[in-house]
């Protein structure tokens, strides 16, 4: 199993997704187009694609001219029935790739928050691995409308479209299910000032948040990651 990982911001961690890919003995091939690396022109040689988050928005083509190509590549993987996972910015690019509208700066959310599965989410093969409502880490200001034909899988009061699926195994997840507590600890160290601006006072109560919400979020995130990796194998069977 060979998976293309697209990084949009320096030193982005795969977190729980890395745990699940390692368990599946998957080869990870990283592409860093933010640093000038060329994206693969085709899906050849890859069984799946993961597109991670970043500080840019999904329409930031002038500053990040690779974004249209990345969106097209995500659609190509899905059209070829290869599994796709878009996280945060990646979810917004997946929505763009399939005709959804990107909503810039309209849905600010930070920290561990609860998301609720829709009926479609409860029936979905990935989200069947978790409870109908669970805490998970959020860090975004942007969102998207659902592309035509998408299955709406999860929601909450801050951003209605928390997750969707296109086709068999293309998933856009607005929330950072990959961000276990170790990842959040690293973000806390590296982006302290940004976090305080996003949600003043949150850092002062961090230990309480990490205990009450971080522990169940870690479990939910790993279950989701393992279930998505299972969709890669299902497509190769």
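The values are calculated or read from the model by the stated rules, or taken from the named source; none is laboratory data. Only a predicted model underlies this, so the values are computations on that prediction, with no experimental measurement involved. Note: ideal-geometry Cβ built from the backbone for every residue, glycine included; neighbour counts use all protein chains shown.
Overview of results
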| quantity | calculated |
| --- | --- |
| Candidate set: the range 140-152, residues that are buried (at least 21 other Cβ atoms within 10 Å of the Cβ) and within 15 Å of the chain's Cα centre (by Cα); chosen: the one nearest to residue 102 (Cα to Cα) | 144 |
| Odd one out for residue 65, checked against (1) at pLDDT 95 or above; (2) over 19 Å from the mean Cα position of the chain (by Cα); (3) under 27 Å from residue 198 (Cβ atoms) | (3) |
| Single residue of the range 68-90 satisfying the filter (over 21 Å from residue 9 (Cα atoms) and part of a loop (DSSP other than H, G, I, E, B)) that is nearest to the chain's Cα centre (by Cα) | 82 |
| Some residue of the range 108-127 being more than 22 Å from residue 216 (Cα to Cα), surrounded by fewer than 24 Cβ atoms within 10 Å (Cβ to Cβ) and modelled with pLDDT under 95 | yes |
| Qualifying positions in the range 1-28 - closer than 16 Å to residue 181 by Cα, assigned to a helix (DSSP H, G or I) and touching a strand residue (DSSP E or B) at 6+ places or on another chain (Cβ under 8 Å) | 17, 18 |
| Matching option when the condition is out of contact with any helix residue (DSSP H, G or I) (no Cβ under 7 Å at 6 or more places or on another chain), closer than 29 Å to residue 47 by Cβ and part of a helix (DSSP H, G or I), among 120, 223 | 120 |
